[in-house]
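Nothing in this text is a laboratory measurement; each read-out follows from the coordinates by a stated rule. In this text, all values refer to a predicted model and were calculated from it rather than measured experimentally. Here the Cβ positions follow ideal geometry from the backbone for every residue, glycine too, while neighbour counts run over all protein chains shown.
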């Protein structure tokens, strides 16, 4: 079983960026998106700093974030990648199922993938994710390549844009002061 400390601070760059963006959207009344905490059971706690140093995941979580953007219900997961190949094992079956059920209820599910070595953020629609997921389930490649991605869905890193395209609906989520 995986432990909390075995994963360290993986994904913290993207998570920090998304959290700041969500706070900015909340302040501007453009969106209300909450980080979903991963339920853990602490095993070892440093008595001096009162930090958890070892813990086990209690149950499978859903996605990292859930909320509403300009009346659209959204849920998404944020992942970081440091190569031009994104391994599908970084996405769990229960997350795919949750996202599928979320979309069946009229919500918009997606993933944000930071290609850290390129300093590029990609908005992966659930529909596109399912193309790669099904290919992997049917014996095909268990990853997708950077080159396969739709250039239209790369987000500039120098803006606070979280998801300017929600399943083909262009929303101006840029905050202009």
By count of other Cβ within 10 Å, fewest leading, how are 80, 23 ordered? 23, 80
Tell me, what is the percent relative contact order of segment 27-157, built from C-alpha pairs under 8 Å that lie six or more residues apart? 20
Compute and list, largest first, the equivalent-ellipsoid semi-axes of segment 77-138 from the alpha carbon gyration tensor, each √(5λ) rounded to a whole angstrom. 21, 14, 9
